[in-house]
Amino acid sequence: MHEDQAITRGPRAYVAFVVIGLTAGLLSGLFGVGGGTVIVPLLVLMLRFDQRRAAGTSLAAIVPTASVGVVSYALSGSVAWIAALVLAAASVIGAQIGTRLLPRISQAALRWGFVAFLVVVIVNLFIVIPSRDAEFVLGWGSGAGLVTLGLITGIIAGLIGVGGGAVIVPALMIVFGTSDLVAKGTSLMMMIPTAISGTVGNIRHRNVEIAGALIIGVAACTMTAFGAWLATLIDPFTGNVLFAAYLLAVAVQMGLRALRLRGR
């Protein structure tokens, strides 16, 4: 307990929380991601959090971050509300499936599979350039597709703790033909109920550094709207290139974790 307090309290920790929050907030608004792929590794590297506590703290910080991002995208009409709710509901169910499958599947194999998935997505981001005028049309076919996408996203999140925007945003653009801005706004909206649900459970199991989550969340909120505004200024192709670079960083991070798991 003493060591944990030394890591999560004091000027160094508070400065680190602010820096992590500002970085995550900018990327969250710009790419429509929750920021967990930034918050978790930085908490582990900078403050020596264990993986479980880092993930719980990250999820709690995502709630206010995503909320500000949704408001920012909603002001320009870039949120498909019903689609987001369908994705969120299916994702919650998928996460339960993923956590039950977790003990039965090799984590290294899962991470390499996710890396392969990200590589395919990155390639497609240079092939499929979304139109800013494209609208999401909800029908029986697209509704069933959303349920499937939400389940897959939830399962991935339950298995390896990564999902959300890294899966939802490219899928909405590439598979559903949605504009990049609507994909990002909808992705942020679907994260909120999922993050709230997960945070309640994490607090119950004491897997959240509350002060850290609050500082990260507040710091992130100051940059999320700015990131969302930047997204509107960047043309779709440039946006895809930047998002591909972000996904490449995630893929490298996941690959390194898989290598570490194999070395144990």
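The values are calculated or read from the model by the stated rules, or taken from the named source; none is laboratory data. On a predicted model such as this, the values are computed, not experimentally measured, just so you know. Positions of Cβ are generated from backbone atoms using ideal geometry, with glycine treated the same way; all protein chains shown enter the neighbour counts.
Any residue at all in the range 232-241 that's under 18 Å from the mean Cα position of the chain (by Cα), over 18 Å from F17 (Cβ atoms) and surrounded by 20 or more Cβ atoms within 10 Å (Cβ to Cβ)?
So far as the range 232-241 goes, yes, one or more of its residues are under 18 Å from the mean Cα position of the chain (by Cα), over 18 Å from F17 (Cβ atoms) and surrounded by 20 or more Cβ atoms within 10 Å (Cβ to Cβ).
So which residues in the range 69-87 are buried (at least 21 other Cβ atoms within 10 Å of the Cβ) and small (G, A, S), if there are any at all?
G69, S72, S78, A80, A83, A84
Based on what the data block shows, is L30 surrounded by fewer than 24 Cβ atoms within 10 Å (Cβ to Cβ) and under 19 Å from V208 (Cα atoms)?
Taking the combined requirement at face value, the residue does not satisfy it.
Check whether at least one residue in the range 230-249 is assigned to a helix (DSSP H, G or I), closer than 21 Å to S58 by Cα and of a type in the set (V, I, T), and report yes or no.
no
Under 6 Å by Cβ, and 6 or more places apart or on different chains, what pairs join a residue from the range 253-264 that is farther than 15 Å from L45 by Cβ with one that is at pLDDT below 75?
Partner pairs satisfying both residue conditions: L261/Q107.
Quick test of your reading of the structure: V167 fulfils all but one of (1) farther than 21 Å from V19 by Cα; (2) in contact with a Pro (Cβ under 8 Å, 6 or more places away or on another chain); (3) at pLDDT below 90. Name the failing condition by number.
(2)
Any idea which of A157, A144 is of a type outside the set (F, W, Y), assigned to a helix (DSSP H, G or I) and free of Cβ contacts under 8 Å to residues at least 24 places away in the same chain?
On inspection, the qualifying residue turns out to be A144.
Identify all residues within the range 99-125 that are at pLDDT 80 or above and of a type in the set (G, A, S); write none if there are none.
G113, A116
Which count do you get for residues in the range 126-150 that are under 21 Å from F31 (Cβ atoms), surrounded by 13 or more Cβ atoms within 10 Å (Cβ to Cβ) and either at pLDDT 85 or above or of a type in the set (S, T, Y) (or both)?
Residues that pass the stated criteria total 3.
Cβ-Cβ below 7 Å, separation at least six or inter-chain, first residue in the range 214-239 and touching a residue at least 40 places away in the same chain (Cβ under 8 Å) and hydroxyl-bearing (S, T, Y), second surrounded by fewer than 16 Cβ atoms within 10 Å (Cβ to Cβ) and part of a loop (DSSP other than H, G, I, E, B): which pairs?
Pairs found: T232/S76.
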